[in-house]
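The values are calculated or read from the model by the stated rules, or taken from the named source; none is laboratory data. Model, not experiment: these values are computed from the prediction. Heads up, the Cβs are rebuilt from the backbone with ideal geometry, glycines too, and the neighbour counts pull from every protein chain shown.
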């Protein structure tokens, strides 16, 4: 039920978007594809909306969580994008689920790492909503992705599962000792936008959970190490007031982040152009311990 039958290709996602737009009675003209990873993310400029359609049926529980979370964000005035009003969410299109959001394109420069540090401080100060969010479980997430793994060979599967088994008790112990807060789960500059007032907002809540707040400070330095980008981590640490690379748990948290960045490709190996090659490069560089190999963000791969 994944990419092998063409259901989750870009063409299939555009067809799904057309049906969803008809269902919610909005204008889908001038549609722009913003992202094609685990979700197909489309901007509908005429309607002032963004539609996110999941491309793997194994993650449907996340879509329901995100829809409920989006409603809660409005009640607490969280620094986040807003769900579109007047629409029952998530929107169902056969085996696909979608959420629909207000498009935020405020004035000024795109938010940077310093903005990320500031908005994370605000986000982490919110009391998590009771009974709505799962506990931080990066290993469970990685294993879930491997259950929807058309194109993953047995040797790679065994390596990833062994990696999960080795990290799991260490991460469990770390989480048990930490201060549990609202965690975004994928905090990087690409998940920031501005509203019309200029307020910086977070988006993309697939990985949002309750767990150690330090988790949200890991992507910036981990991405710099693997993608070769520099400068963001220093600005983030200064704005937030904490340098995660000086934390004694930094090596463990970086490794968990790298597992996430590799496992994210697994459901898309058979359907997304370029992902299989990037997956191979990432996994081989980890296996060999070669930190000089530069990775490419999945969103930057040819579509």
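Structure summary
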item: Of residues in segment 229-246 being free of Cβ contacts under 8 Å to residues at least 60 places away in the same chain and outside any helix (DSSP H, G or I), the one surrounded by the fewest Cβ atoms within 10 Å (Cβ to Cβ); result: 230
item: Checklist (1) in a helix (DSSP H, G or I); (2) over 14 Å from residue 205 (Cβ atoms); (3) not assigned by TED's automatic domain parsing to the domain that holds residue 271 applied to residue 71, failing item; result: (2)
item: Residue list for segment 95-119, restricted to those being touching a strand residue (DSSP E or B) at 6+ places or on another chain (Cβ under 8 Å) and farther than 22 Å from residue 41 by Cα; result: 108, 115, 118, 119
item: Residues located in segment 219-228, provided they are closer than 9 Å to residue 254 by Cα and surrounded by fewer than 24 Cβ atoms within 10 Å (Cβ to Cβ); result: 221, 222
item: Condition met for residue 66 (crowded, with 21+ Cβ neighbours inside 10 Å, touching a helix residue (DSSP H, G or I) at 6+ places or on another chain (Cβ under 6 Å) and closer than 30 Å to residue 15 by Cβ); result: no
item: Members of segment 189-211 that are more than 17 Å from residue 70 (Cβ to Cβ) and buried (at least 20 other Cβ atoms within 10 Å of the Cβ); result: 200, 211
item: Matching option when the condition is touching a strand residue (DSSP E or B) at 6+ places or on another chain (Cβ under 6 Å), in a helix (DSSP H, G or I) and crowded, with 16+ Cβ neighbours inside 10 Å, among 215, 286; result: 215
item: Residues of segment 171-185 classified as surrounded by 20 or more Cβ atoms within 10 Å (Cβ to Cβ) and out of contact with any strand residue (DSSP E or B) (no Cβ under 9 Å at 6 or more places or on another chain), total; result: 1
